[in-house]
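Below: the structure, in structure tokens.
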Amino acid sequence: MPAVELLNISKSYGTTPAVRDISLAVEAGELFGLIGPDGAGKTTLFRILTTLLLADAGTATVAGHDVVRDFRAIRNVVGYMPGKFSLYPDLTVQENLEFFAAVFRTTVAENYELVKDIYEQLAPFKNRRSGALSGGMKQKLALCCALIHKPQVLLLDEPTTGVDAVSRQEFWHMLGTLKARGITIVVSTPYMDEAALCERVALLQEGQVLRIDTPAALRAAYPWPLYAVRAARMHPLLQDLRAYPAAHSCYAFGEAAHLSLRQPAPDAAARLTAYLTGHGHTGVVVEPVEATIEDTFMDLLAQRQPSPNSAHDQPAQ
Amino acid sequence: MKSFLMFVRKEFYHIFRDPRTLLILFGMPVALVTLFGFALTNEIKNADVAVLDFDKGQHAQQVQHRLFSSGYFGLRDYATSYPDVAAAFRQGHVKLAVVFPVGFSRDLDHLGHAQVQLVADASDQNTAVSLVNYATAIIKTYEQEHTKRPAGAGPRVEAVARLYFNPGLKAAYTFVPGTMALILLLVSAMLTSITIAREKETGTMEVLLVSPMRQLPIIIGKILPYFLLSFINGLIILALGVWVLDIPQRGSLALLLAETLLYILVALTLGVLISTRAASQQTAMLTSMLSLLLPTLILSGFLFPLESMPLPLQTVSRIIPARYYIVILKGIMIKGLGLRELWRETAVLAGMAGGLLLLALGSLKNRLA
């Protein structure tokens with residue numbers, strides 16, 4: 001039996017559809033990612049799963065309980081971290097944790113072993129008010145509070161948004177540890193690089209599922225030959241690459257541009273270097289690269305939208 | 001039960017860690033009751049008076065002595081001519097001038113009556129009327145004591161008014177119960193109205209909903225801390241009323257406290273009801289201010305007598321909790337009544353508390369939106 005299951009779920013706010021006919025299943029003990037930009041419907045899905053919102057159509061279960069009929073049961077067995085920091089800023093670290101333990105009819109001591117690794121990092125600040133913590137510390141405390149009742153399913157809505165790179169890495173490491181203890185985790189993120197840390201991900205766009213698969217399979221499914229191109233000046237480089245006759249698509253990707261070609265060709269790199277040098281670029285480096293999940297995501301988007309080459313300069317993560 | 005107690009403890013933390021809440025809770029009531037009690041009064045105390053004495057006789061002296069020893073008037077100016085008096089009025093130095101004409105003492109001795117002229121500054125007509133009335137009363141008394149009535153003058157009919165419960169017509173008897181009712185209602189309702197709204201605004205409500213916590217413990221948990229603190233508040237206000245503003249406490253103290261607790265409960269449930277409906281703290285604050293301050297001020301019988309209002313307004317005033325509490329307060333403190341006379345008002349308040357609690361419970365949503 002899946003730990004989380006959605007069947008044909010749809011939800012609109014007024015006339016604006018937020019989630020359209022989504023079906024997916026998360027296996028028990030899985031670390032599952034909902035990946036998509038803002039407005040893809042991630043938060044709405046979480047609120048339906050946490051029984052905070054009622055779907056317009058479709059059914060869903062969490063830990064075997066129906067989200068409408070057995071909502072009380074679900075509220076006992078899930079740990080939920082909303083996208084916005086939702087602890088009491090005027091309570092200290094320790095008071096927050098004790099409060100949420102009591103709300104879930106347990107004690108900090110009873111399940112301390114589960115949160116020990118995370119809480120030890122917070123222990124030096126345990127008498128500090130949670131509103132005065134740094135972003136990363138706030139998220140760790142929120143995770144502790146969501147875990148303190150030993151939930152069967154952990155639902156985390158964008159836990160790493162607005163958190164520095166080091167804290168993000170630590171956070172994902174903690175999720176790995178929790179998964180090893182058998183807790184099912186559904187986590188959402190707008191960062192494509194974090195998708196690779198999940199066991200399986202659902203790529204979401206405008207309330208619909210583009211694809212559900214493992215990160216490796218998603219990368220492998222990328223159909224085009226892909227090159228990372230570097231040159232001294234980035235902006236004209238992108239323009240010239242998009243004008244390149246053999247180009248299929250081109251996006252800025254950190255310090256490089258990712259260019260996909262319509263056809264594989266053995267001498268493609270050399271021809272491209274010549275083309276760019278001819279256009280006055282200096283310091284040109286062309287290397288074949290493996291597709292990332294972001295490349296796959298952009299390609300899936302392009303398939304849905306007729307004019308992919310417009311202005312999809314995704315900021316690099 | 002433990003989760004409920006933790007919830008209550010959390011609420012106390014919120015209150016004691018927020019100086020603004022504490023200020024509203026304890027500072028505002030004390031300031032307002034004192035302010036209303038002392039300043040909002042139409043009693044006359046030591047009003048400035050000018051005297052223009054053309055008579056200089058014994059009776060004129062005696063009358064002046066009576067006026068200035070009454071406590072209502074204070075001698076400000078000893079004028080020598082009418083232009084002096086006019087100037088004093090123009091400059092606003094005096095509120096009242098007493099003019100003794102030439103031959104005042106002689107007329108009183110020989111004719112049995114004499115005339116005094118009272119000139120009042122009627123730009124403030126309430127004060128003017130009161131001053132003239134007070135002065136007239138004092139002068140009349142003097143006249144009656146010192147004139148020898150002709151033997152065959154015949155019987156006179158005189159109406160003697162006796163003012164029950166408040167013989168001194170002290171304004172504090174009206175203002176203090178009204179102010180107490182207003183302040184207790186406003187403070188209790190305003191503070192609770194922001195509490196649930198705050199949880200919604202900060203997102204903590206979202207986490208609380210996805211927990212085994214039910215609606216009833218949340219609402220009771222919100223009410224309980226404020227219930228205790230508001231009761232302390234009520235005690236302070238009552239003590240101020242009795243010891244500083246000289247309101248009598250003629251009835252049962254236990255009944256008075258019990259009724260005050262009941263009234264606070266009504267105010268708190270009202271606040272929680274507003275809180276469950278409001279999306280933000282600001283909306284909650286404004287709603288409770290607007291929907292409680294003016295109706296309570298105008299329709300509770302505090303400032304304007306209900307009997308003289310048009311029927312529709314009288315009907316509306318029946319849903320104003322302060323109306324009943326004011327009747328109860330005056331009944332117990334000033335008239336010394338007991339539950340036997342006040343059971344109707346008590347029942348109405350109890351009904352309101354129960355009804356509002358059910359409404360609040362019904363409107364605290366189980367889910368978002």
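The values are calculated or read from the model by the stated rules, or taken from the named source; none is laboratory data. What you see is a predicted model, and the numbers here were worked out from it, not measured in a lab. Please note: Cβ atoms are built from the backbone with ideal geometry, for glycine as well, and neighbour counts cover all protein chains shown.
The set of residues in the stretch A:143-158 being within 11 Å of chain B (Cβ to nearest Cβ), closer than 18 Å to A:Gly176 by Cβ and in a helix (DSSP H, G or I) consists of A:Ala146 alone.
The condition of being in a helix (DSSP H, G or I) and either more than 14 Å from the chain's Cα centre (by Cα) or touching a residue at least 60 places away in the same chain (Cβ under 8 Å) (or both) holds for only one of B:Ile319, B:Ile326, that being B:Ile326. Can we say A:Ile35 is among the hydrophobic types (A, V, I, L, M, F, W, C), within 23 Å of the chain's Cα centre (by Cα) and away from every other protein chain (no Cβ under 13 Å)? Here the answer is yes, as A:Ile35 does meet what is asked.
Applying the criterion of at least 1 residues that are of a type in the set (A, V, I, L, M, F, W, C) and touching a Gly at 6+ places or on another chain (Cβ under 9 Å) to the helices (runs of 4 or more DSSP H) found wholly in the stretch B:190-299 leaves B:215-239, B:253-277, B:281-299. Taken across the stretch B:179-195, residues that are surrounded by 21 or more Cβ atoms within 10 Å (Cβ to Cβ) and within 14 Å of another protein chain (Cβ to nearest Cβ) do occur, with at least one present.
So which of A:Leu175, A:Leu97, A:Leu141 ends up being in contact (Cβ under 8 Å) with a residue 60 or more places away in the chain and either of a type outside the set (Phe, Trp, Tyr) or in contact with a Cys (Cβ under 7 Å, 6 or more places away or on another chain) (or both)? Break it down into steps so the answer makes sense when it comes.
Details: A:Leu97 fails: in contact (Cβ under 8 Å) with a residue 60 or more places away in the chain; A:Leu141 fails: in contact (Cβ under 8 Å) with a residue 60 or more places away in the chain.
When all the criteria are applied, what remains is A:Leu175.
Restricting attention to the stretch A:254-277, report how many residues are in contact with a helix residue (DSSP H, G or I) (Cβ under 7 Å, 6 or more places away or on another chain) and either in a helix (DSSP H, G or I) or closer than 12 Å to A:Val229 by Cα (or both). Let's see the steps before the verdict.
If we filter the stretch A:254-277 for residues that are in contact with a helix residue (DSSP H, G or I) (Cβ under 7 Å, 6 or more places away or on another chain), which is where we start, we get A:257-259, A:261, A:276.
Narrowing further to those that are either in a helix (DSSP H, G or I) or closer than 12 Å to A:Val229 by Cα (or both): A:257-259, A:276.
Of the residues in that region, 4 qualify.
With the condition kept exactly as written, say whether any residue in the stretch B:297-306 is within 30 Å of A:Ala142 (Cα to Cα) and of a type outside the set (Phe, Trp, Tyr). So that I can check it myself, show each step before the final result.
The first filter runs over the stretch B:297-306 and keeps only residues within 30 Å of A:Ala142 (Cα to Cα), leaving none.
No, because not a single residue in the stretch B:297-306 is within 30 Å of A:Ala142 (Cα to Cα) and of a type outside the set (Phe, Trp, Tyr).
Residue under question is B:Ala122, and the condition is that it be part of a loop (DSSP other than H, G, I, E, B), over 19 Å from B:Glu143 (Cα atoms) and not hydroxyl-bearing (Ser, Thr, Tyr); does it hold? Before you say what the answer is, go through the steps one by one.
Numbers: part of a loop (DSSP other than H, G, I, E, B): yes; over 19 Å from B:Glu143 (Cα atoms): yes; not hydroxyl-bearing (Ser, Thr, Tyr): yes.
In short, yes.
Scanning the stretch B:46-56 for residues that are crowded, with 20+ Cβ neighbours inside 10 Å and either free of Cβ contacts under 8 Å to residues at least 40 places away in the same chain or touching a Ser or Thr at 6+ places or on another chain (Cβ under 6 Å) (or both) turns up just one, B:Asp55.
Out of all the residues in the stretch A:7-25, is one or more closer than 16 Å to A:Ala146 by Cβ and either under 20 Å from the mean Cα position of the chain (by Cα) or of a type outside the set (A, V, I, L, M, F, W, C) (or both)? Outline the logic, then answer.
Applying the first criterion (closer than 16 Å to A:Ala146 by Cβ) to the stretch A:7-25 yields none.
No, the stretch A:7-25 has no match at all.
Scanning the stretch A:269-298 for residues that are touching a Leu at 6+ places or on another chain (Cβ under 6 Å) and either hydrophobic (A, V, I, L, M, F, W, C) or free of Cβ contacts under 8 Å to residues at least 12 places away in the same chain (or both) yields A:Val284, A:Val286, A:Val289, A:Ala291, A:Ile293, A:Phe297. Would you be able to say whether some residue in the stretch A:63-77 is touching a residue at least 40 places away in the same chain (Cβ under 8 Å), more than 11 Å from chain B (Cβ to nearest Cβ) and surrounded by fewer than 23 Cβ atoms within 10 Å (Cβ to Cβ)? Yes - at least one qualifying residue is present in the stretch A:63-77. All conditions in (1) under 26 Å from the mean Cα position of the chain (by Cα); (2) within 14 Å of another protein chain (Cβ to nearest Cβ) hold for A:Thr92, with the sole exception of (1). Is it true that A:Gly29 is at positive phi and in the same structural domain as A:Ile148 (by TED's automatic domain parsing)? The answer is yes for A:Gly29. Among the residues of the stretch B:95-111, is there at least one that is at pLDDT below 85, under 14 Å from B:Lys140 (Cα atoms) and out of contact with any strand residue (DSSP E or B) (no Cβ under 8 Å at 6 or more places or on another chain)? The answer is yes, given that some residue of the stretch B:95-111 is at pLDDT below 85, under 14 Å from B:Lys140 (Cα atoms) and out of contact with any strand residue (DSSP E or B) (no Cβ under 8 Å at 6 or more places or on another chain). Taking A:Ala18, is it of a type in the set (Gly, Ala, Ser), free of Cβ contacts under 8 Å to residues at least 40 places away in the same chain and in a strand (DSSP E or B)? No; evaluated as a whole, the condition is false for this residue.
Counting only helices (runs of 4 or more DSSP H) that sit completely within the stretch B:1-67, those holding 2 or more residues that are within 14 Å of chain A (Cβ to nearest Cβ) correspond to B:2-16, B:19-22.
Scanning the stretch A:112-146 for residues that are surrounded by 18 or more Cβ atoms within 10 Å (Cβ to Cβ) and more than 13 Å from A:Val93 (Cβ to Cβ) gives A:Leu114, A:Gly136, A:Ala146. Here the stretch A:204-233 is the region considered, the condition is being out of contact with any strand residue (DSSP E or B) (no Cβ under 7 Å at 6 or more places or on another chain) and surrounded by 14 or more Cβ atoms within 10 Å (Cβ to Cβ), and the residue that is farthest from A:Leu45 (Cα to Cα) is A:Ala231. Scanning the stretch B:196-205 for residues that are facing chain A (nearest Cβ under 10 Å) and either of a type in the set (S, T, N, Q) or buried (at least 23 other Cβ atoms within 10 Å of the Cβ) (or both) yields B:Thr202, B:Thr204.
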